[in-house]
Each structure stands twice: as C-alpha cells, then as structure tokens.
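One structure below.
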Amino acid sequence: MLAFLIKRAANAALVMLAVAFLAFLIFRSFGDPVEMMVNEQATQAERAELRERLGLNDGFLVQYLRFVTNALQGDFGISYRNQQDVMVLIGERFPATFELVLVATMISLVVGIPLGVITAVHRDSPIADGLQLGSIVGVSLPSFVVGILLILVFSVTLGWLPAFGRGDTVDIGWWSTGFFTESGRAALVLPSLSLSLFQITLVMRLVRAEMLETLRTDFIKFSRARGLPLRIVHWRHALRNCLMPVITLTGMQIGNLIAFALVTETVFQWPGMGMLFIQAVTFVDIPVMAAYLMLVSFIFVLLNTIVDVTYALVDPRLRDDAAPAAASGASSGG
Amino acid sequence: MAASLVSRLAEHELWWSFKRHPSAMIAAALLLLLFIASFAAPLIAPQNPYDLAALDLDNSELPPIWQSYGAWPYLLGTDVQGRDVLSAILYGTRISLIIGFASVLLSLSVGLTLGLLAGYAGGWIDNVLMRVGDILLSMPFILIAILISAVAREALPPGLRDTLAAPILVIAIAVPSWVQYARTVRASAMVEKGKEYVQAARLIKVRPWRIMINHILPNTLTPILVAATLNFGLAILSEATLSFLGVGMPPDEPSLGTLIRIGNQFLFSGLWWIVLFPAVQLCLIVLSVNLLGDWLRDALNPKLR
Amino acid sequence: MLKSTRLPIMLVAAALLASQAQANTLKWGANRDIGSLDPYSYGDSFTINVLNHVYEGLVRYDRDLKIEPALATKWEVLDDQITWRFTLREGVTFHDGSAFTAEDVVASLERVSHETSPLKGNLPAYVSSAVVDDLTVDITLNGTYPLLLNDLTNIHIFDKGWLVANGAELPTDIGAGVEGFATYNANGTGPFIVEERQPDAKTTFVVNPNWWDEPEHNLTRIELLPVNSPATRVAALLSGEINFTNDAPVQDLARLEAAPNVQVLEGVDLRTVMIGFSYRDKLADGSDNPFKDLNARQALYQAINMDQLHQRVMRGKSRNAGAVVAPQIPGYAPELDERLPFDADAAKALLAEAGVPEGFSFGFNCLSDGLVNEEQFCQAIASMWSRIGLDPKLDVAPRAVQTPKRTNGQTDIYTLGWATLPMLDAYSPLLQIFHSKEGNSGVFNWGDWSFPELDALVQQAGQELDVEKRLSLETEALKIVKDEIIMIPLHQQPMAWAITDEVSEMPLFPDNKPRLWYAQM
C-alpha cells in the first residue's frame, strides 16, 4: 500500500512539475514584462537595468528552477495590474469561487439524483423520455447564454434577484462568506444555478445508468419478490448502491467546476478567481495567469489522487493498475 | 476499408433505429438545413458582413422585419454598425461549424496516430505519450484552450492575429481533446499486437502497420464515432465560449460566440435581436449534434438501452 | 462545529445590517476599478479622481472649476519669479491623527517627481521644494510658469511620517517584487477614509468626522463597485443594487430615463476625441508612409461622415469638433472650430494627389476600454475609410495591451482623448501632444511629428505670465495644428451619469469627475 501511495504522490508531483513548466513557458513567451512595467519615458538604460534586476538575463534552466522554487513557497510575484502580491490576490478571491462551486455542487446533487432515479425507474415512460431529452438540452445550452437569460428574466424583468456581485459578505478570519447575509444568499442563486446546469445533467445520467444496472441485480429482484414496497426498494436499497460513483464523479468534477466558473463569474461579475483570471488574460497580467493555472491544476491533481487512493483502499485489486485516471476524460464542457 | 465503413454505417439495423427515433431525424434534418444554409451563405445572404464598405450606419439598429421600422432585406434586423443580423448569423455559423469540424478532425487524426504509435511501439514512446496525455487531462479543458488561444494571439504580430484567429482556435480546442481517442486506440492496439497474425506478418516481412490499422480501426470505430460526434458539439460550444470571453474570433469576422458577446452589451437597450438570434442558432446547432450523438451511442451500444 | 460558531456570526451580521440601514450609503457602480490606493502609482485620471476623496492637494477646483484654497490658504510668487511660497492651513490632521505640516508637502512633491514616478509629467516645472517653517513651504520651478496652481490641484499630499514608517517614500516599484505599502493602505486628509479594499470587487470609504472643511454632503459611506459590463451596470441601477454610476452607456439612456426610479444627468465632456497619424518614414508593416503628405491626412479627415457618427454611434449626445480643445478651455477660438466638410469624392481626389489613388493598407489602433463607444466609432470610421478605397486593419484591445504599442511607435493610426486635465488650459495638449518629443514635452506625441514653429510658440506660452498674451500664443499654435491636420478632431464625447431616487443631489462637472463631497442623499 505504501508503495502505491508513494507512486501516486510521485506521479502527481511529476504532473505538477510539467504544469509549472507550461506556466513558466507562458511567463517567458508573453511579450516583454519590462515593457509593461516601465512608464513610457523610461530610457534604454533603465529598461536594461530592470531586466537585469528581474533576472531575465539568466539562463533558461536557472529561471525555470527559480520559478519552481518560488512557486513552492507560494511566491508568484506581483500582479502587473493590481500591483499586489499574486497569492494574496488569489487568496482573497478563493472564497467567492469556492462558495459558488459548493452551492452549484449541492444543487446538482439535490436535483440530479432524484431525476436520475425517476428516469431509471420509469424508463420508457413519457416522463423519463422527457427528462432524458431535457438533459440533452441541458448539456447543449452554453452556460453564458443561460446566465444572460437568467439575468434578463429574474433581474431585469422581474427584479427579484441581483444581477451581479456577491452582495454583502461577512469576514471569518481571512475567509469572506456570503452565506450569512440576505443579500449574499440572494446573489448566489442565479450564478450557482447557471453553473450547476451542466453538472445536474451529468449526475442525472450517471445515476440513471447505475440504477439501471442495479435494478437488474438479483438483490433487487429478490427484494421485490419479498414484497417490499417499490418506493423503498428503489429509493433506499437501489439508490444506496449508486452513491459511490456519484460521490466520485462529484469529487472529480469540482476541479472542472472551479475552472468553468470563470465563464459564470464573467457573466455575473462574480468577484472570484475566474474573473481575476479572465481580466488577467485581457490585461496580459502574467503572474496572475501563471498562478491561477498552477492553483487550479493543483486542486485538480489533488482531487484525482485522493479519488485514486480512496478507490485503492476500498478495492485492493486496483493498486497495481497503471491507469486509473480515466474518469476525467468525459468531464468537460457546458 | 472505406467500403466497410460505409457498409457498417448503412447497416440495416442502424437505419431502422434511425427511422424509429423522431428526435434523431429532426436533428439530422435541422443540421443538414443549417449546413447548407451556412455554406451557401455567400449566395443567399443579403449582405457580406465582412466587407466593411458594405456596412452603412444609416441602416443600423433596424428591428426584425415583422416589427415596425423593420425593413427589407434585413429579415432579422441589423446591429449597431448596420450589419445584417441574418447574414452575420449565416457567416458566423459557417465559422463555428468549420472550427468545430476542423478541431475534431485534427484531434482525431493526432489521437489515432499517437494512440497507434504508443500501442504498437510500447516502451518509452508509450510512456512519454501517455504521460503527456495525463498532464493534459490534469488541467481543465477550458483553461488549456483559453491559455493556448491567448498566448498564441499575443505571440503573433498584429497583422497576422486576425488572419490566424480561426486556426489558433482549432488548435486550442484540439490540443486537450486528442488524448481520449489515443487511449481508446492504444488499448486496442496493445491487444492486437500480441496476436498471431501480427507476428506472422513480421516473419514474412510485411509491414505489420497496415494489417494492424485494418484490424484495429474497425474494432474501435464505434466508441470513436460516438465520441467524435459528441466532441463536435463540445468543440462548437468551446469555440463559442472562447469567443464570448474575448479570446476567440475578432469582431470584424464574428463567429456565433462573438456575436453574442457583442450583442450582450445591448441587451438592455431594447436591441434584443442582436443577441437573441445568434444565441438561438448556437443552441439549435449544439442540440442537434448532441441529439444525434446520443442516438448514435444508444443505437451502436444496445446494452445501454 | 457549525452550530457553535453560527450564532455569534449571525449576531455580527445582524449588527452590520442594522448599522448600514441607517447610513447614507452611496453605492457607486463604476465601469472599472481604481488601479491602486496609491494615486502616484498609476498614471490614470480615474484612479486619481477617486482617491481625491481620500487625499487632497494644496489647492482644488470649486463648483465652478475655479481654483480655491484647500490645504494651502494663500500663496505668492517671490521676487525671483520662479519660487512660489505657500502658507498651509492650520489644524488639519491626517486620518491617523497626525498633524499636517510643511514636511508632508515636501515629501509628497519629492515622491511624485521621483524619476520612477509615472506621474512626474503632471508637475513638469518642478525643481525642488523647501520647508520654511511648520506651515510655510517654498516651491522652486525651472522658470516662470503660469500654470502651477492648476497642476497642484491633482498632486495629493501624503503624511511624511506614515510614508517613512512604512517604507513608502518612493513610488511603488514593481520591479522590486514587493508590494508597495501605499498600494493597499491610505492615509490622507480628505473627506472620506478608506475602510476596506478588495480589488475588482469593492472598495469602501467612510466619512471622515474630523475633516477640516464644513461638509456639504450628508453621505456616511461610499461603496465603489466596479461593474465592467455596461449591460450589467444598467441592470444593477434599475434594480437599485447601485444608486450612482458615472458611466451610463449612451445607448441605454432612453431606457434609463423611462425608468421611474432613475434620473440621468447628461452633459458634454471636456474631453476631445482625436485621431493621430504616424509621421515616421515607414508604416508598421514596412511600407512607405503616405501620412507624411498633408493631402493623405486631409483625405482621411474628409472621408469621415461626422454627422452620421454623431447621430448613430453617439446618439446625438456628442458635440462635433473642429478644434482639438473644447470651447470652455482657455486658448480656444471659435474660428478654429470649423470642421472640414464630409466629402468622399474630394477625399478620393486627395488620395490621388498624395500619390496613392488606389488606396493602401494601415493599422488602426483602438482601445476596448477607452473612450465612449470607442469600439463602435472605430468600426464605423474604418468602414467609412474602406469606402474611399483604403484598407484599415482594426486592432482593438484593452489599454494595457495597446499603450506599449502606441508609445513604441508601432501604430499607424490611433485614437486619443484629451480633456486638458487637471490644467484646464490649451497649453496642456499643446505641450504634451503636439510639441516635438523631447524631455517632458511631447510625451503623448505618439506619431513622432515635429513642427519647430509650433514648438517655439508653445515654449513662449509656457513662460508668459500675462494671461491675454499667453492665450493668444496658444491660439496661434492651435491654428498650426488645424492647418497641418496634425491630428483629426472628432468630437467632444458625451458624458452621462445616472442616479436612483435615493440620491437627491449629484452635481455634474464638465471634467467628468465625481465630487461626492457635494452629494446629498
């Protein structure tokens, strides 16, 4: 087991090194940072001096090593645009994105699981067919279009819910939360709905497939034969068997949701990491771009590794399998 | 090989299933219509939306023709520059479809080639290719696409930036998606590699490549076809998302996502037609593709039904 | 675990809500965020304008944009004609309680004029300053200079002790790889105190109870909320999430006016929008530059249908301009404000005369986050130019991306808006834009032109203390600008603010700068 753990950890570290290399390449290839920092009157000598001070004249490998060493210490430098420490900046934005993703995940489970069970239990009924069709519509609607429509209906026309921002927040230590104020909760509704739409259909389809599988098993057939009420058979016994894959999917999807939140955050002006990233892209604020890429990849890799290790704990046969990371292939879009 | 492909597709069973699924039929018909309309755009569109000299501010902000002040030939109205919305949608659809198709084709060919190579060669080549795949899969799809698109645009001189916008998007979308195909083919290749006919081919000095391709591709055709169809929808969505975020097609050569981004600025000014029609068009395309893909998956894999 | 912490948090939240309910909170939806809390770190007038609520200058503009005393109560020019003596206001304190003295003025002037300061061009005549006594300060200039007071309205005064204690005596140096203390902390003398800053999300200010001046406002709190998307800003205003914006999109004014709870405040900005040319030998793509020929410049001028632009793109809210300064600006002359007529045929003939009858290709550099409807009017102008056979390549991107290209001379044609702020005098564009590029002059001369006759007039005006004579020199220089078509003037852009009915008074200023110390709720 220990060998397996070490192997997984080494693998994760290798992936992160490669991501760091990518981030570093972006760092190097994106224009000339000196041109973006100095003001227009700066002379050639001043520019050269700054270049030397930033270490841009060192060898490629030296610069890469310095980048990795700094990154390990959480030091990504100073944002060109905000002139603030990049890690502090991202840290301030993290709670907003996390709360958005958390609520979207809850919605996807609360809505997706029952829909999945219904479509499986009543398969081939008009309700199930309608829901199946609805789920295809769900994956086909671009989330930015959904966001725009939600704003148009619920903010502009009906005036029920705010169109942008997080509302009032309360600080608990360094964590700023919108859960404890009325305006904070109201502001969460539309963005989390639009972010969760894709995830709802994923959960629903997974639950349906797993349920169909389970309903064929002898255990369920036997339960039915024993005369247990169908409701209990379906919603208690069969569903319980489906939960493990659902939890796995949810866990692995969190990384994708964090990344995809950048679209939602742009539409709703939600002050999270994603909006920071998009603004960094338009302003060519490379330290922020590099840090965001590293952080999101780290969360991604961490979740994948946790899922793999958990599975290995549950099912020892998987421990010497080389490629358990397949589930992430079918997980992007929306 | 091509013949066997066609015959498989036209297999009686598949056709029969198609006819029994009205949603698939409607989707296919709709998609065909959109294809024809958008590729015939230069012939049927009232205006060439890329020709700056054709835009006239005097015709700007006309509503759709069924509303008062609507005017012929601007069926779906015009935008703030006097660009005909219908023409912009037709041309934009063409861009979206081409980018979607090209990126699927690119990722498919790269994925198949590398997958075969990895499976057949094994050893360090396999190791390197699969590690690269792992790394790509350990970063969110949308993030890779945004980064590639943004970096490429910044690295290019301004003159080339707009000309190369479409190829950049194709690459940005294809790079993160070839891994899926490669893995499927690699698995199949590894199984086939050990089989006797390959060994025999080696002995008689026939290139085992050709034989393998002939055996492996048909085996993996079903999952790859389904994946490619669904990825086509995903690629169109991704292109629209990138353009909406401002790292895709430029405003003077708008795709559907660009049109929605621009129209979004006028959402509250009463100019709803600038954003609504492109959005509806985008949803229709992706929905049709997904309906087809969904049907194809069920039809080719009866176990799922 | 949640249960045990939840109750106190709810109480805190309830207390917060209660205290906010009674407050007069102005929720200001701006089109962008300020760049920093340090007014000297960012050469950007919006940042400086917002921070003027926290920091103040020695003098300021009053409601009529006339100069009035602020932190200085009186001033005089000494006998050498180049030293100005300022008497400072007594009893002024900074937000942290320390007293305002002459030391603070000297430290602030040194800081803003430091060679790494992006704002050193805002105080072009400054040489040195010296403490005379606690409340008297001498400022020495490089020559006779008539516009020092105008410049000083925008030079914010820091507390020296606070700067030294926090290692912020110099402007923030990004190259050093550390945050500047003043980037996220502030300590001024102004009517509002920074309470909290979350970049790009919210910056809150609370009223300064110890302000030296009698407040004419009744605000207790300002929340600056950057809302980049114009559509979202309109939605937020209609739903009451913000109650003030200093940038109501012109295309949405009709809708806003129709809303029962919203009032639109409109005016014409002092900012004149212009189009500049490259005067270099080659265009950016290496081909010969036809713009060196006056005929080519005039062709581009006369190809622009300004009335159409005014009606359609600016919705009739702009003021078409023939001169490069607005009528309110000293130095303006009505006879310079006559536009050349729109005439596509004449434009084609001029192109032929310039030796390029078949047209040519050039880059057209515009900002996506710059002037009012800039992206739209750039597209419209590009389409007008293509109708006389030219091939403009539109390049639209955010300011941060475009500015390096502009200053490095990689643009053939570009847009520029100039409001003459804070100087409010035609000398400002003449010196900073139209003068040849040398030293502190011609900083915004991105086309690299040189008209020695004009330079001589500008230098003369810069030393002329007699107002009448100075203005006539400036007018003469402006005539050269017009005759040579150094740049194409387009319009003074519209200015539109909007308030909800919670706000009872919000004076609109032609310099487009919100002065919330005059606002009432």
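No lab work stands behind these numbers, since they all come straight from the coordinates. From a predicted model like this one, the values you see are computed outputs, not experimental measurements. Every residue, glycine as well, gets a Cβ built from its backbone with ideal geometry; the counts of neighbours run over all protein chains shown.
Bridge orientation summary for the protein assembly as shown: considering DSSP beta bridges with both residues in this region, about 80 percent are antiparallel.
Axis of helix A:273-283 versus longest Cα principal axis of chain A: the two differ by about 40°, to the nearest ten degrees.
For C:K393, the amide hydrogen comes within under 5 Å of the amide hydrogens of C:F362, C:G363, C:F364, counting only partners 5 or more places away or on other chains and with H modelled in the peptide plane.
With contacts taken as Cα pairs under 8 Å and at least 6 residues apart, region C:390-521 reaches a relative contact order of 14 percent. The alpha carbons of region A:124-209 give a radius of gyration and a Dmax of 16.3, 53 Å, in that order. Can you pull the percent of Cα pairs in region C:273-360 with separation above 15 Å? The answer is 66 percent, as a whole percent. Across all C-alpha atoms in region B:48-120, the radius of gyration and Dmax reach 20.2, 67 Å. For B:K19, a cut-off of 22 angstrom between C-alpha atoms picks up these lysines, skipping any fewer than 8 places away in its own chain: B:K303. Using C-alpha pairs under 8 Å with a sequence gap of at least 6, the mean separation divided by the residue count of chain C gives a relative contact order of 18 percent.
The Cα atoms of region B:24-77 define a convex hull whose projected area, averaged across directions, is 4.9 nm².
Counting Cβ atoms of other protein chains within 10 Å of each residue's Cβ and taking the mean over peptide C:233-245 gives 4. If R0 equals 35 Å, the separation of the Cβ atoms of B:N127 and A:Q73 corresponds to a calculated FRET efficiency of about 0.65. Over all orientations, region B:137-274 has a Cα convex hull whose mean projected area works out to 12.0 square nanometres.
Computed from the C-beta positions of B:T113 and A:T248, the FRET efficiency with R₀ = 35 Å rounds to 0.65. Using a Gaussian network model of chain B in which every pair of alpha carbons under 10 angstrom is joined by a spring, one finds that among B:Y181, B:Y69, B:Y50 the greatest mean-square fluctuation is at B:Y69. Please compute the contact order of chain B in relative form: average sequence separation of alpha-carbon pairs under 8 Å and at least six residues apart, divided by the residue count, as a percent. It rounds to 22 percent for chain B. All Cα-Cα distances of the protein assembly as shown, cut into 20 Å bins from zero to the largest, leave 10, 38, 35, 14, 3, 0 percent in each bin in turn. Restricting the calculation to Cα atoms, region A:64-194 shows an Rg/Rh of 1.12 when the hydrodynamic-style radius is the Kirkwood one.
Working note: Karplus 6.51/-1.76/1.60 with θ = phi - 60° gives region A:6-19 the couplings 4, 4, 5, 5, 5, 4, 4, 5, 4, 4, 5, 4, 5, 4 Hz, where Gly and Pro are set to x. Screening chain C for whole DSSP H helices of 24 Å or more along their axis (Cα) with average Kyte-Doolittle hydropathy at least 0.5 returns C:2-22. The residue among A:P271, A:P114, A:F144 whose Cα reaches farthest toward the positive pole of the charge dipole of the protein assembly as shown, with charges on the beta-carbon of Lys, Arg, Asp and Glu, is A:P114. Across region C:210-227, rounded Karplus estimates of 3J(HN,Hα) from the backbone phi angles (6.51 cos²θ - 1.76 cosθ + 1.60, θ = phi - 60°) give 9, 4, 5, 8, 6, x, 9, 10, 10, 6, 10, 7, 10, 10, 8, 10, x, 10 Hz, Gly and Pro being marked x. For region B:167-181, backbone phi angles converted through the Karplus equation (6.51, -1.76, 1.60; θ = phi - 60°) give residue-by-residue couplings of x, 4, 5, 4, 5, 4, 7, 6, 3, x, 10, 6, 4, 4, 5 Hz, Gly and Pro being listed as x.
For region C:387-474, the equivalent ellipsoid derived from the alpha-carbon gyration tensor has semi-axes of 29, 14, 13 Å in decreasing order.
Each Lys and Arg Cβ is given +1 and each Asp and Glu Cβ -1; about its Cα centre, region C:234-323 then shows a dipole of about 220 debye. Computed from point charges on the beta carbon alone (+1 for Lys and Arg, -1 for Asp and Glu), the dipole magnitude for the protein assembly as shown about its Cα centre is near 7300 Debye. The mean count of C-beta atoms from other chains within 10 Å of the C-beta of residues in A:270-278, rounded to a whole number, is 3. In plain terms, chain A is cut at each of the chymotrypsin sites (Phe, Trp or Tyr not before Pro) found in a DSSP loop with at most 13 other Cβ atoms within 10 Å, and the longest leftover piece is A:175-334.
Think of each Lys and Arg Cβ as +1 and each Asp and Glu Cβ as -1; about the Cα centre, that makes the dipole of chain B roughly 1620 debye. Site pair C:Y518 and C:V467 shows an inter-label distance of 2.0 nm when each label is modelled 7 Å from Cα along Cα→Cβ. A convex hull fitted to the Cα coordinates of region B:197-285 yields 123 cubic angstrom per residue. Within region A:150-217, list the trypsin sites (Lys or Arg not before Pro) lying in a DSSP loop whose Cβ has at most 16 other Cβ atoms in a 10 Å radius. When the trypsin sites (Lys or Arg not before Pro) of region A:150-217 are filtered for loop state and at most 16 Cβ neighbours within 10 Å, A:R216 remain. Over the C-alpha trace of chain C, radius of gyration and Dmax come out as 24.4, 84 angstrom. When the listed pairs C:K405/C:K482; C:K74/C:K469; C:K120/C:K437; C:K405/C:K513; C:K348/C:K393 are checked against a 21 Å cut-off, the alpha-carbon distance exceeds it for C:K405/C:K482; C:K74/C:K469; C:K405/C:K513. Annotation: amide H of C:R60 within the under-5 Å range of C:E68, C:A70, sequence separation 5 or more or interchain, hydrogens built in the peptide plane. Projecting the Cα atoms of C:G417, C:Y301, C:P260 onto the dipole axis of chain C, where Lys and Arg carry +1 and Asp and Glu carry -1 at the beta carbon, places C:P260 farthest toward the positive end.
Listed by chain and number, the lysines whose C-alpha is less than 16 Å from the C-alpha of B:K193, apart from same-chain residues fewer than 8 away, are B:K205.
For region A:219-255, trypsin sites (Lys or Arg not before Pro) are listed when DSSP marks them as loop and at most 10 other Cβ atoms sit within 10 Å of their Cβ; the list is A:R226.
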